[in-house]
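One structure is given here, and the rest of the page talks about it.
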Amino acid sequence: MVAELRARVFAPVRALVTMLLSVAGVLAAVLVLVSSALVVVGIGRYAVPPAVWLLRKVADAARALVRMAGVDVRRPYGPETSAIGLLKARSTWRDIGWAFIDPVIGTWATALAIAMPLFGVYGAVVQPFVWRANERAGGINSFGPIHVTSTVTALAAIPVGLAMIAAGLYIGPPLLTLRASWSADLLGPSRTTALEERVETLVETRADSAGAQAAELRRIERDLHDGAQARLVALGMSLSNAERLFEEDPEAARNLVIAAREASSRALDQLRDLVRGVHPPVLADRGLADAIRALALDSLLEVEVRSDLPGRPSLPVESAVYFAANELLANTAKHARSATTVAISLHYTNGVLRCVVTDDGPGGADPMNGTGLRGIESRLAIFDGTVEVDSPVSGPTRVQLEVPCAIRSV
Amino acid sequence: MRDPIRVVVAEDLFLLRDGLVRTLTEHGFTVVAAVGTGPSLRKAIVDEQPDIAVVDVRLPPSFTDEGLQVAIEARRQRPGFPVLVLSQYVEQLYARELLADGNGSVGYLLKDRVFNTDQFVEAVRSVAGGGTAMDPQVVAKLLSRGDARGRTADLTPRERDVLELMAAGRSNAAIGQQLRLSVSAVTKHIASIFGKLDLPASDDDNRRVLAVLAYLNR
């Protein structure tokens, strides 16, 4: 409520700053163009980088304002620093384009956001005191539909002025957002750049995921080979020996059958552990929230799980988040020895699944240290998910997983 | 002679279902229905009004925890309706849900326990008679949680052994036999455990087991 009011009151100020930045943008863009022309005579080599730097500063300030208006925009710049590199960069020419085009299409919106409340202030607060002097000096006092010629008409203009202020403040933020959305198209990376970046990410995460998958299959194969498969071979041997001994030594045969039964139990145990590591039963039965509750019950830590998921995300997402949470719990148990309680919350808003794991341990966890977090990162990256670690020294440690996904209600 | 205990069996694997029916029949139970899906289990419980249902957690058509859901639902409609749940996996979460109503008459065992016929039959009898039969794996996890939280710190090693077997639902006689103690020694240990854990004493064995499980599940 207060924040909303503040946003409305400051909208004209932000509009003014936006317009000043437009002016600065045009000047900086002209500077870039002039210095680029000077490249031919050589001075440009030294003039272009600072000019582009200035233009980028102005554009960055404009981006900050765009974000303030609630529109997301990314910085499109690459690593280039040389004059030629900067002049070749698509982003430089897009910035120049922004500097010239943005004021043409957007100025009216910001101007209106400033002018309406300002005009209202004049009518409601200033005019009652100045109209007489103005009239004496030969000027005409009119305020909207009202022609001010007397105290009565001056007073009548006050509510009109107040209404104008209210209307101006009311439409201010949406006007700024409107302009910001146009500016964002010019200030953000071009479609081509955005797609290039996207392809790069996809190639990377695809390679990671293929590698992880191959490693996982190899682990399963090894576990089966050394575990259940070996037990079943032993079981078969016990049974065939028992078959042979049934007549001559029933007691020995009996012992072999008992051994076979035990071997089958152990094989089952190993298969169970294996399946739990591939796709845990509760996850299959009930979905993410209950699977994490089951994890919590299996943990020796005191784990509190809270979830307000309206349904179930797709199976791969569920599985990735489940194993990430599993890893985080194991990390807490292993590293934060003094941690006693862990809180896990699952929440879904605006198409993003958020899982936050907080412990009361000593903190100071280094996200760059250890393969656990890296593993979680690449697990989630396949779904454009992210991991954020906040672990100040002396705690608490808070890890936030975010995965954009759809949820089907159950 | 007592009337035979009437059992409904729900298991989707034909071989295992057949084995269960055979084992139960051999040991004097009457299997009134042997079904393979969740809906048919629901119907059999209503139609046959059995003394106990032996249920596989995972059943078609959904192949999720359908058997467990039907069992819990049946217990909601008929509080204390004896249910013995069998599964390839034991999950603390499911054990907790089965125990949640505090009515007892529940069992939750790994499927391989069926191989040990005597113990399995004892479990079915005990659950049908209002007792509890929790899988040793469930109990072991409950106890290690209890240990981690210092809940069993005051117990002597012997008392902890007794607690473990008691939590699994074994009778005093069975506990004595396994630990080579006289029944009166077992009774004394149990009294001491209840004193140390500050649990309400009770003459009813089943109540005592439930109190122990609730304490560990806390």
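Rule-based calculations on the coordinates, nothing more; no lab input. Everything quoted here is computed from the prediction, not taken from an experiment. Quick reminder, even Gly has a Cβ in these numbers, built from the backbone with ideal geometry, and neighbours come from all protein chains shown.
Here are the numbers:
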| item | result |
| --- | --- |
| Qualifying GluC sites (Glu not before Pro) for segment A:195-286 [loop in DSSP, other Cβ within 10 Å: at most 10] | A:Glu247, A:Glu248 |
| Nearest-ten-degree value, helix B:205-217 long axis tilted from longest Cα axis of chain B | 80 degrees |
| For segment A:114-185, the Rg and Dmax computed from alpha carbons only, in angstrom | 15.4, 51 |
| C-alpha center-to-center spacing [segment B:101-151, segment B:166-218] in angstrom | 14 Å |
| Alpha carbon Rg of segment B:6-134, scaled by the compact-globule rule 2.2 N^0.38 Å | 0.91 |
| Length gained when the stretch A:Arg6-A:Val152 is fully extended (0.36 nm per residue, less Cα-Cα span) | 49.2 nm |
| A:Ile140, A:Ile146, A:Ile114 arranged by Cβ crowding within 10 Å, fewest neighbours leading | A:Ile140, A:Ile146, A:Ile114 |
| Residue-by-residue Karplus 3J(HN,Hα) for segment B:53-60, coefficients 6.51, -1.76, 1.60, Hz, glycine and proline x | 10, 9, 10, 7, 4, 9, 9, x |
| Descending Cα extents along the principal axes, chain A, whole Å | 134, 65, 40 |
| With 5 Å bins from 0: P(r) over segment A:286-409, alpha-carbon pairs, percent | 2, 12, 24, 25, 20, 12, 5, 1, 0 |
| Under 16 Å from B:Lys188, Cα to Cα: lysines that are on another chain or at least 8 residues apart | B:Lys196 |
| Neighbour-limited loop hits for trypsin sites (Lys or Arg not before Pro), segment B:1-107 (at most 16 other Cβ within 10 Å; DSSP other than H, G, I, E, B) | B:Arg2 |
| Fraction of the pair-distance distribution of segment B:138-217 above 17 Å, Cα-Cα pairs, percent | 37 percent |
| Rounded FRET efficiency, nearest 0.05, which uses the C-beta distance separating B:Ala153 from A:Thr341 and R0 of 22 Å | 0.70 |
| Charge dipole magnitude, Cβ of K and R +1, D and E -1 - chain A, Cα centre, debye nearest 20 | 2060 debye |
| Expected 222 nm ellipticity per residue - DSSP helices of 4 or more, -39500 (n - 2.57), all of the protein assembly as shown, to 500 | -21000 deg cm²/dmol |
| Vicinal HN-Hα couplings computed from phi for segment B:131-140 (Karplus, 6.51 cos²θ - 1.76 cosθ + 1.60; Hz; Gly/Pro x) | x, 10, 9, 9, 4, x, 5, 4, 5, 4 |
| Net lengthening on full extension, A:His225/A:Asp384 (0.36 nm per residue, minus Cα-Cα) | 53.8 nm |
| Förster radius 25 Å - calculated FRET efficiency between B:Ala100 and B:Arg180 (Cβ-Cβ, nearest 0.05) | 0.10 |
| Sequence-distant residues sharing a close amide H with B:Val55 (under 5 Å, placed H) | B:Ala10, B:Leu84, B:Val85, B:Leu86 |
| Centre separation in Å (Cα based) which lies between segment A:79-150 and segment A:189-206 | 39 Å |
| Shielding score for A:280-288, defined as the mean number of other chain Cβ atoms within 10 Å | 5 |
| Point-charge dipole on Cβ atoms (K/R +1, D/E -1) for segment B:129-218, about Cα centre, debye to 20 | 180 debye |
| Kirkwood Rh and Cα Rg combined as Rg/Rh, chain B | 0.98 |
| Estimated D of segment A:28-127 in µm² per second, where Rh is the Kirkwood radius over Cα pairs and Stokes-Einstein applies at 10 °C, 1.306 mPa s | 102 µm²/s |
| Length gained when the stretch A:Val104-A:Arg276 is fully extended (0.36 nm per residue, less Cα-Cα span) | 55.8 nm |
| Gyration tensor verdict on segment A:196-278 (Cα atoms; rounded if a/c is under 1.5, prolate if a/b is larger than b/c, oblate otherwise) | prolate |
